[in-house]
Every structure is written in C-alpha cells, then in structure tokens.
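Just so you know, all these numbers are worked out from the coordinates, no wet-lab data involved. Quantities reported herein were computed from a predicted structural model and do not represent experimental measurements. Cβ: placed from backbone, ideal geometry, glycine included. Neighbour counts: every protein chain shown.
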Amino acid sequence: MKRFVIVFDNEPADSAPWISGACAASKLHFVDNDAITEVMSKNKEAQKVLLGGGPPGENPKLAPFYKEALEKVAGDKPRVGVYSTSWLLYLGQADGCVLDFAGLEEQRTLGLAKGVTRKQADDYVATYSAKLQDKARKALPAERILVLPVKESVAKKAELAAAFIKKLG
C-alpha cells in the first residue's frame, strides 16, 4: 500500500507533545517506535542484521525490516506519522519532514549550566541541527521540509505542522 508518511523529529529529545496534536489535526496515525521495535525483535532475519556487528547507528540493511514492521503496525492506515529522521533512510521515500530543535536548545541550556562554554554549546547546536537538516535535504526537496520555530508554544507548533502537512496532502 502506498502510504502518505510524515517524519517528525525533535532529537535528541523524545517525541514532543506537539506531534500528537499535529497528527490528530492532519488525520495521521502516529506509529510508535516501540511498536516497531517489538515487531522487529520477533523477526529472526532482522535480529541477525541488528546483532551482526558494524558501527552503531543507522544501517541501510535494516530498511526492509523497518518497512515490514511499519506495514504490520500501521495496518490499513493510509496516512501515518513516524518519529526520527532515521525513517528517511529506512523508508526510502517520505512525503514530508517536520523538524523541531527545541530539544537541542534544551541541551544547550543544560550544557551551559554544567560549565560548557558558550562556543562549545553553540557549535554543538549548529552541528547537530545542520546534520538533521542535511539528512532531510538528502531525502526530500526543501519545500517538503519544515523547521519549526524553537520558541513557539506546543499549540502553535502543532498548528504550524498541521498547516504544512495539509499543503503536502
């Protein structure tokens, strides 16, 4: 089944509260990554790839297993939302991506409070946000990527994301 898929990300934080609001307003079924992990953990072939060594992080060899798990978890839902830009690699094709760097800003504040220099904190935020944006740009044209304003409220972020998703389909 061809699905309409939106990828959300707020790394390095967990899924942000505005995502559920954006999904509800956009009639997207949000697929929880824990459910995907549960399905993949029962697949012996996926286990071989997961446990086969190699560097930590994304592994393109896992793409078919992620896609299969998504099919099982999403069932007959034609419109889904998933969390993490890793899905851009695993899906091969998404319809849009919404990025929020509030989690990075929280990391900046935490780092500064623990004695990290302003330059180190700024460099970390700049590097990580550029990495996520580059990942999205490799998979999607610019008009299919939304970077949310960091300082907006949860409600406003959900509203902006929903309006963006509506434009996409």
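Counting only aspartates and glutamates at least 8 places from LYS167 when in the same chain, those with an alpha carbon closer than 16 Å to its own are ASP95, GLU143, GLU159. Taking Cβ atoms as reference points and 14 Å as the exclusive limit, the residues near ALA102 contribute a net charge of -3, counting Lys and Arg as +1 and Asp and Glu as -1. Of all lysines in the structure, those lying under 21 Å Cα to Cα from LYS72, and not within fewer than 8 positions of it along the same chain, are LYS2, LYS27, LYS42, LYS44, LYS48, LYS61.
For the pair ALA130 and GLU143 in one chain, pulling the backbone fully straight at 0.36 nm per residue adds 3.0 nm over the alpha carbon distance. Label-to-label distance for LYS44 and GLU68 is 1.2 nm, based on points extended 7 Å past Cα in the beta-carbon direction. As a length-normalised measure over Cα pairs under 8 Å and 6 or more apart, the relative contact order of segment 1-131 settles at 42 percent.
The magnitude of the dipole of segment 39-169, with charges of +1 and -1 set on the Cβ of Lys/Arg and Asp/Glu and taken from the Cα centre, is near 100 debye. The modelled label-to-label distance for the pair ASP14/ARG118, using points 7 Å beyond Cα in the direction of Cβ, is 3.4 nm. Within segment 89-169, the GluC sites (Glu not before Pro) that combine a DSSP coil assignment with at most 15 other C-beta atoms in a 10 angstrom radius are GLU152.
Given the DSSP H assignment, sum -39500 (n - 2.57) over each helix run of at least 4 residues in the chain and divide by its residue total; what's the result at 222 nm in deg cm²/dmol, nearest 500?
Values: 8 runs with 94 residues, N = 169.
Helix-only estimate at 222 nm: -17000 deg cm²/dmol.
Once the piece of chain linking ALA155 and LEU168 is laid out straight, how much longer is it, given 0.36 nm per residue of separation minus the C-alpha distance between them? Let's see the in-between values first.
Details: separation 13, 0.36 × 13 = 4.68 nm, distance 2.02 nm.
Computed gain between ALA155 and LEU168 is 2.7 nm.
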